[in-house]
Amino acid sequence: MGPVPFPIPSDEALRASTLAEYHVLESPPELEFDRLVQLASRLFSVPIALISLVASDRQVFKARVGLDVCETDRDVSFCAHAILSDEVMVVPDALEDPRFAANPLVLGPPFIRFYAGKPLVTPGGQRLGTVCLIDTQPRATFSQSERDNLSDLAELVMDRMELLRLAHVRTVGQARFENIAVTSPDAIICTTDVGAITFWNHAAERLFGYTAEEVTGRCGSLVVPDSWRAAYFEDLARLREGAAMSAAGQTIVRSGLRRDGSEFPAEISLSSWREGRATSVGAIVRDITERRRNEDRLYRLASLDALTELPNRAAWRACIQDTLEQGTPVSVLLLDLDGFKEVNDTLGHSAGDQVLKMVAARLKAECPDARMIARLGGDEFVLLLTGDDRRGASAVAGALVRALSRPYDLPGHAFEIGASVGIALYPAHGARAEDLLGAADLALYRAKAAGKGRYVVFERAFREVAVARREFERELRRAFEQDQFALLYQPQIDLRDGRIRGAEALLRWQHPTRGLLSPVSFIDVLAQKPIAPAVGEWIMRTACAQARGWRERVPGFRIGVNLFEAQVRSAQLRNVVERVLGETGLPPEGLELELLENTMIRHDSALLQVLQALRAMGVGLAFDDYGTGFASLSLLKRFPVSRLKIDRSFIRDVISDPEDAAIVRAVIYLGRSFGLEVIAEGVETKAQLDFLAANQCTQAQGYLFGRPMTAQAFTSELARAAVLP
């Protein structure tokens with residue numbers, strides 16, 4: 001099924017003839033139109049923005065951003081539908097709209113998913129085309145304010161088209177010109193080559209305050225301010241000498257002078273022609289006060305962050321580019337807030353927005369002389385400082401960290417967040433804008449890795465490390481694609497009878513040149529990559545398949561599987577678990593998912609419902625490395641946890657360190673109090689085992705009972721029915 005045939009407006013013949021009168025379909029590109037579609041692309045954050053004119057059998061793009069073609073057939077045109085109304089037509093998702101779901105522009109390049117178009121309506125009411133926005137991603141909403149802004153843009157385009165139409169009419173004859181000019185909304189003035197006014201329409205009367213009778217025969221300089229009156233007379237003199245006027249055939253912006261002495265910004269289109277032996281001059285004058293106000297507002301919206309009123313990413317990009325082209329030494333300070341996500345998670349996004357406004361105010365107060373302070377998005381800000389002095393930039397960064405670390409007071413709440421800053425200097429750290437921001441980003445990464453609340457100046461070694469890290473990430477992807485990952489299994493022992501009751505699945509990487517790598521070598525990098533959920537699902541499926549066979553030997557056998565944070569964030573966690581259990585045949589009671597405390601804190605509200613559903617299925621849930629994070633006791637009550645795992649760092653010195661011993665006793669006590677199982681990790685000595693047994697810890701794992709081993713070795717271990725040494 002092809003695209004829906006385009007609809008035909010009831011006044012199609014009149015509409016088409018009106019479009020022809022504007023003479024814009026085949027005319028050269030117009031800088032003003034190009035500027036407006038570029039503004040539209042920035043203002044609405046769309047990759048494609050067009051001024052589309054709908055002819056009888058095609059649509060012609062008078063100006064375009066993000067699209068290579070100049071026209072398309074009308075039968076695939078979204079704009080052919082949009083011109084049926086005076087209002088903005090919005091298509092949130094073209095694939096869900098029966099008019100466009102089979103459209104080749106949707107199924108093929110440019111892969112339209114979102115469309116918004118405002119018709120270009122002439123003063124007589126004919127709809128000639130649209131100003132339209134296109135995105136390759138669907139958009140659920142297009143607000144009323146966005147519709148109003150698009151309508152304002154369409155009005156600016158139509159103003160320009162009307163001026164071009166009148167300029168063309170000027171060339172087809174005086175009589176026809178004057179007939180049209182009488183009813184024109186623009187002021188139209190004709191003079192002789194010495195400046196004597198011969199024609200003055202009603203719009204000129206309204207604009208300048210003089211009647212036609214008052215000005216006919218007088219010099220046109222009476223509406224020309226002092227600022228360009230001399231140039232006006234020079235042009236007339238040039239015309240009398242047989243030369244062309246300097247601005248003939250052009251549209252210029254000058255000031256106009258009203259009868260009351262006030263001036264206004266005017267767009268003026270000048271032309272001259274011969275009538276017999278006499279030379280005449282024509283001027284089309286339009287008051288652009290309102291247009292400038294609208295343009296200023298739209299450009300302001302396109303270059304300012306709506307929340308903080310700081311310059312946005314587009315304005316930053318333009319500023320840094322101009323600065324580098326001038327060769328001016330500068331410092332770039334890239335700043336990221338520490339702990340801001342917790343504000344959003346605990347107090348809500350409205351509170352987060354208030355904090356961002358306060359951050360912007362503190363930045364401006366702390367750096368009033370900065371060339372630019374911009375918000376790049378989220379909680380990321382950037383400052384551009386004059387000069388490339390390392391010490392000076394560091395001093396400013398330190399002051400910013402201190403300023404942003406001061407408490408933030410909101411109604412009913414007082415809290416603290418921090419900031420980390422990465423510093424890059426031009427020209428030392430990069431010649432291009434993207435290189436300089438990249439250097440600052442690498443320095444910021446180092447600052448956050450060093451403990452946050454810090455600032456770091458870029459060093460070339462950072463880039464070398466980043467290159468190596470990217471190569472390592474590619475190796476990780478290849479490792480998964482080429483089956484280089486393997487699972488080992490560490491026994492979990494019931495201390496009451498010394499028998500194996502379960503195992504923890506542990507990931508290893510059989511690197512082709514470096515041998516078998518433990519997780520400490522790669523797990524942090526892997527956890528941050530897009531492949532983490534896929535790797536996590538592979539771990540779960542492989543471990544569950546093994547555990548099903550072991551459960552036949554050991555009734556109640558349970559396999560522990562660590563989850564990546566990306567799996568926890570995913571809305572598919574429950575579906576993945578159900579699918580894996582169904583495919584492997586392992587009952588839900590045979591699987592235990594291990595989560596870190598801090599993961600639970602960060603995803604409190606989003607995670608709770610999923611975990612409750614998993615527990616209702618029978619899947620076990622364990623707090624891994626318990627005691628090393630920041631979990632509160634309330635989490636034990638709120639989350640459906642079934643087991644606590646005491647971290648090995650507390651077991652290592654439990655015999656010699658009274659504080660570690662107290663922590664272990666406390667965790668065991670908490671487990672009993674909340675009705676949870678407790679297992680100790682990292683048990684390596686008989687003394688540690690005796691301590692745990694004496695304090696009624698019922699389960700343990702560690703080298704004392706067996707190192708992580710292959711599935712084959714673990715099967716053999718089960719066959720020997722391992723007991724305590």
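The values are calculated or read from the model by the stated rules, or taken from the named source; none is laboratory data. Since the model is a prediction, treat every value here as computed from it, not as a measurement. Note: ideal-geometry Cβ built from the backbone for every residue, glycine included; neighbour counts use all protein chains shown.
Which helices (runs of 4 or more DSSP H) sit wholly inside the stretch 194-290 and have at least 2 residues that are assigned by TED's automatic domain parsing to the domain that holds Leu31, touching a helix residue (DSSP H, G or I) at 6+ places or on another chain (Cβ under 6 Å) and among the acidic types (Asp, Glu)?
Helices (runs of 4 or more DSSP H) meeting the threshold: none at all.
Restricting to the stretch 422-472, name every residue that is of a type in the set (Asp, Glu), over 20 Å from Gln321 (Cα atoms) and surrounded by 17 or more Cβ atoms within 10 Å (Cβ to Cβ). Don't jump to the end; show me each part of the working.
Residues of the stretch 422-472 that are of a type in the set (Asp, Glu), as a first pass: 434-435, 441, 459, 464, 471.
Subset that is over 20 Å from Gln321 (Cα atoms): 459, 464, 471.
Matches in the stretch 422-472: none.
One residue is enough: does the stretch 82-105 have a residue meeting the conditions in a loop (DSSP other than H, G, I, E, B), among the aromatic types (Phe, Trp, Tyr) and over 25 Å from Ala16 (Cα atoms)?
First, the residues of the stretch 82-105 that are in a loop (DSSP other than H, G, I, E, B): 83-88, 92-93, 97-103.
Still in the running and among the aromatic types (Phe, Trp, Tyr): 100.
Filter once more, keeping what is over 25 Å from Ala16 (Cα atoms): none.
There is no residue in the stretch 82-105 that is in a loop (DSSP other than H, G, I, E, B), among the aromatic types (Phe, Trp, Tyr) and over 25 Å from Ala16 (Cα atoms).
Taking the options Ala700, Ala719, Ala694, name whichever one is of a type outside the set (Val, Ile, Thr) and under 17 Å from Glu504 (Cβ atoms).
Result of the check over Ala700, Ala719, Ala694: Ala700.
For the stretch 304-316, state whether one or more residues are in contact with an Asp or Glu (Cβ under 6 Å, 6 or more places away or on another chain) and closer than 30 Å to Ala428 by Cα.
Scanning the stretch 304-316, I find at least one residue that is in contact with an Asp or Glu (Cβ under 6 Å, 6 or more places away or on another chain) and closer than 30 Å to Ala428 by Cα, so the answer is yes.
With respect to the numbered conditions (1) loosely packed, with under 14 Cβ neighbours inside 10 Å; (2) acidic (Asp, Glu); (3) in contact (Cβ under 8 Å) with a residue 12 or more places away in the chain, which one is the sole condition not fulfilled by Asp322?
(3) is the only condition that Asp322 fails.
Looking at Phe199, Phe208, which is the one that is at pLDDT 95 or above and closer than 29 Å to Val157 by Cβ?
Phe208
Could you grab me the full set of residues in the stretch 325-334 that are in contact with an Asp or Glu (Cβ under 8 Å, 6 or more places away or on another chain) and either small (Gly, Ala, Ser) or surrounded by 21 or more Cβ atoms within 10 Å (Cβ to Cβ) (or both)?
Of all residues in the stretch 325-334, those in contact with an Asp or Glu (Cβ under 8 Å, 6 or more places away or on another chain) come to 329-331, 334.
The answer is Val330, Ser331, Leu334.
Within the stretch 711-725, identify whether any single residue is crowded, with 17+ Cβ neighbours inside 10 Å, assigned by TED's automatic domain parsing to the domain that holds Val577 and either touching a His at 6+ places or on another chain (Cβ under 9 Å) or modelled with pLDDT of 90 or more (or both), and answer yes or no.
Yes, that holds for at least one residue.
Could you grab me the full set of residues in the stretch 335-380 that are within 17 Å of the chain's Cα centre (by Cα), surrounded by fewer than 19 Cβ atoms within 10 Å (Cβ to Cβ) and outside any loop (DSSP other than H, G, I, E, B)?
Lys341, His349, Asp353, Gly377, Glu380
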